[in-house]
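No value in this document is a laboratory result; all are computed from the given coordinates. Here the structure is a predicted model, which is why all the values come from computation and not from measurement. Backbone-built Cβ (ideal geometry, glycine too); neighbour counts: all protein chains shown.
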2 protein chains.
Amino acid sequence: MTDTATLLARRNRALGAGAPLFYEHPLHIVRGEGVMLYDADGRAYVDMYNNVPCVGHANPRVTEAMARQQGTLNVHSRYLHEAVVEFCERLAALHGPEIESVILSCSGTEANEIALRMARFATGKRGIICTNATYHGNSELVGSLTRINTKPAVEQSPSVRAIPFPETYRPIAAGLDEAALCEAYLAKLAAAIEDLQASGEGVAAMIVCSILANEGLPNIPGDFMARAAAMVREAGGLVIADEVQAGYARTGQWWGYQVTGFTPDIVVTGKPMGNGLPLAATAASRALVENFRARTRYFNTFASSPLQAAVGMAVLDEIEQRELRGNVATVGAALKAALAQRKGASDAIGDVRGQGLFIGVELVNPKDGSPDMELAKRVINRLKDKGFLTSNAGAFANVVKIRPPLPFSQANATDFLGAWDETIAELAA
Amino acid sequence: MTDTATLLARRNRALGAGAPLFYEHPLHIVRGEGVMLYDADGRAYVDMYNNVPCVGHANPRVTEAMARQQGTLNVHSRYLHEAVVEFCERLAALHGPEIESVILSCSGTEANEIALRMARFATGKRGIICTNATYHGNSELVGSLTRINTKPAVEQSPSVRAIPFPETYRPIAAGLDEAALCEAYLAKLAAAIEDLQASGEGVAAMIVCSILANEGLPNIPGDFMARAAAMVREAGGLVIADEVQAGYARTGQWWGYQVTGFTPDIVVTGKPMGNGLPLAATAASRALVENFRARTRYFNTFASSPLQAAVGMAVLDEIEQRELRGNVATVGAALKAALAQRKGASDAIGDVRGQGLFIGVELVNPKDGSPDMELAKRVINRLKDKGFLTSNAGAFANVVKIRPPLPFSQANATDFLGAWDETIAELAA
């Protein structure tokens, strides 16, 4: 086994220095099983970060489906294949009747590229509205939306307007009323729409993560999402729900938009779909999908393959047959409540938010309530040393992000709370 | 088993009509093994089209590596993992010493996005030069290069200049001299460079498929590629070799640029890398890669995973240990020679071109030598009926494209030549 320093030096050359790594002392992970990860020294960690292996690391059903299909047929989509059709039918059926057709791709970036271009083709407009702390992917087009502080935008596009993401924590602490707050955020959206119209770009789409994950999982004031969606449609635009993080039972429901209360025209999914196999999707009405196909003759070499279909259906089967939505709702609600109860343990714990097994704990400077990214970093490194893997996120990178594989159990949660209490006592008492 | 008409109707709804399919009567393929594919009726086909399953359909070593790694660990790249480093080291070592570092991604589109943006960051310029019959991928940025007749461009970008692709077949038939022809094509490149400089875009890069695959595998006059690369560098730009089709032993050498005689600054690979697993790479000097990483903090959820590394190395092992480059060179040269010998069988056979196991047969109207796309379509459909899968390609879609998995044997070639002779006798005698 190569030692960590040697491996890091080799990595800096082979991948180029700057390829991102987690933690002050990077982890050298060699094995996973269920919600557990193991490092090169055999040390065990409870994985409370990874949403991609949603049905658990090394999930046997997924591995078996992958091996069986790869050993039978894995080829592009210009031949007919029944499982590819069946998988797309199953995906569409997980939404309301307005979502009929699916374009598979290999990453959330590719799926968001399709969504944005689909909206532009359908509307004949170019303007895109996003939030001011978002990240939707890494291509030039999708990257032009990037506003999150850890990912610099490629370049500012004249077609993009970023509105303040809606939240209640800081504004209400500052004395604002939730109803007035909702109106204030909607006014920002109205101004963005007006500005796009005046500039000649027009409104092609608003794209949002349905639960504003990168923004830090804020509580959204009032019925902001439903009213925002209505305003965008009124202006001739489409509503794109980026469900790459929010979807696939993460919140205890299939989709984040069910939790935050709006109906999208286009739904983008990715990360958890293949339990690690590159797999993403853009779903919409048949008319939207067919218009996009006619305009682009879109073809994606690796997408809509029998491999994607077999693995994708194994993941859906796991979520459905193990009733993971129920597990997420029960364990997630209990963990969130337990963390919320612990707010009094430290004035540095500003807020506890989230839905299902996606929880954020906002850490702040007790003196003025300002975001404390450094504390968040110390907390996640200490939790790692205690055997629990989390990360920090949010508009100010000060939110401890808890997002384990979906089979995360009540016993895992109890173990974590012990480590959490120790960590807060050590670092932020 | 669902009948083909029913399956097609379901597909038109679930994927949207317009999702591309091969052949007049689409094939319903259910199984593959080596160079063979089998349809739902048990009919066998020799696969002479698919380059993605480069080491053969259902390759046991690849399947085993995939299953073992997925059953052990498949996680993102922000933890250290030795095999990921080793795979990138092996990829870089397959080029000259100037290629040091690798960014893995999930598709040729993603890898070309990285290459183009890498060149723009390094040069501070925006201008991109491509050929006038090319295709490099399906995102907004990469799709803006699309000029191939079957794939409409998303929109024409002010940063892109498309030069006529260099070829000898038609110009020399028209009486031009090869040396003069090379100069004429270089003059077109010089004009494009000058135009980009004058427009203020400047020259960031020239991107070419190293063997001009989508252009129809033309014979390239003189030392066009080496001199073109020198001119681009002289203008301050970088040279991007798109090896998605040309690379990975397809020509009998590792890289197409070895065959056509130039040295790239950035190399993009994709399709065959994972034998069907989504896997692509952008390789360059460490300085270029690190500058890109610093500017973007690039992260790709599914890329640089232990799964990509394990499968990617199994493919390299297969190519190396089964000495597939030698097989490609031997069988490919014999097949090309046999097809060239058969030119006289029909005046519709205008030209036979290519390298290794990537051969193009240009079909023309005997009266005036104009491209005959309709004949090419009839030929590939008839060959399919006889159990041999090819496709049509090229700037005029009139080139029968022969590009089988790399283990394609001399016996396969002999069988194919029998079907070829029958087909030409039936359709173009």
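What separates the A:ALA187 label point from its copies, with the point 7 Å along Cα to Cβ, is 6.6 nm, written shortest first. Pair-distance distribution of segment A:205-296: all C-alpha pairs, bin width 5 Å, starting at 0; shares per bin in whole percent are 3, 14, 22, 24, 19, 11, 5, 2. Under 5 Å from the amide H of A:THR134 lie the amide H atoms of A:ARG147, A:ILE148, each residue being 5 or more positions distant or on a separate chain, with H modelled from the backbone and absent for Pro and chain starts. Under a GNM of chain A (C-alpha, springs under 10 Å), which listed residue has the highest mean-square fluctuation: A:ARG170, A:ARG11, A:ARG31? The residue with the greatest mean-square fluctuation here is A:ARG11.
Shortest first, B:ALA411 label-point distances to identical copies amount to 5.5 nm, with the label point at 7 Å from Cα along Cα→Cβ. For segment B:124-253, the calculated P(r), taken from all Cα-Cα distances in 5 Å bins from zero up to the bin holding the longest distance, is 2, 11, 20, 23, 21, 15, 7, 1, 0 percent. The mean count of C-beta atoms from other chains within 10 Å of the C-beta of residues in A:100-110, rounded to a whole number, is 6. The distance between label points at B:ARG295 and A:ALA334 comes to 5.1 nm (points 7 Å beyond Cα on the Cα→Cβ vector).
Cysteine residues of chain A whose C-beta has no other cysteine C-beta under 4.7 angstrom: A:CYS54, A:CYS88, A:CYS130, A:CYS182, A:CYS209. Look at the stretch B:111-120: the mean tally of other chain Cβ atoms within 10 Å of its residues' Cβ atoms is 2. Length available on full extension from A:ALA180 to A:ASP421: 0.36 nm per residue minus the Cα-Cα distance, which gives 83.1 nm.
A Gaussian network model of chain A, with springs between Cα atoms under 10 Å, assigns the largest mean-square fluctuation among A:GLY34, A:GLY332, A:GLY394 to A:GLY34.
Take the Cα of A:GLN410, step 7 Å toward its Cβ, do the same at B:SER409, and the gap between the two points is 6.1 nm. With the highest mean first, a sort of the peptides B:84-94, B:398-408 on other beta-carbon atoms found within 10 angstrom per residue produces B:398-408, B:84-94. Taking A:LEU15, A:LEU417, A:LEU307 as the candidate residues, the one with maximal mean-square fluctuation in a Gaussian network model of chain A, Cα springs under 10 Å, is A:LEU15. The 3J(HN,Hα) values that the Karplus relation (6.51, -1.76, 1.60; θ = phi - 60°) gives for segment A:369-374 are, in residue order, x, 6, x, 10, 4, 5 Hz. Gly and Pro appear as x. Other protein chain C-beta atoms within 10 Å of residue C-beta, averaged over B:54-65: 3. Taking all Cα pairs closer than 8 Å and separated by 6 or more residues, the relative contact order of segment A:61-321 comes to 30 percent. Across the identical copies, the label point of B:PRO366 (7 Å from Cα in the Cβ direction) is separated from its matches by 9.4 nm, in order from shortest. The packing ranking, built from the mean of other Cβ atoms within 10 Å per residue, places the peptides B:242-253, A:171-182 in the order B:242-253, A:171-182, highest first.
Using the Cβ-Cβ distance between A:ALA345 and A:ASN219 with R0 = 30 Å, the FRET efficiency computed as 1/(1 + (r/R0)^6) comes to roughly 0.90. Most tightly packed first, judged by the mean number of other beta-carbon atoms within 10 Å of their residues, the peptides B:189-200, B:64-75 read B:64-75, B:189-200. Overall, segment A:11-76 carries a charge dipole of about 240 debye about its Cα centre when +1 sits on the Cβ of Lys and Arg and -1 on the Cβ of Asp and Glu, all other atoms neutral. With θ taken as phi - 60° and the Karplus curve 6.51 cos²θ - 1.76 cosθ + 1.60 applied, the whole-hertz 3J(HN,Hα) list for segment B:417-429 is 4, x, 5, 4, 4, 4, 4, 5, 4, 6, 10, 9, 6 Hz, x standing for glycine and proline.
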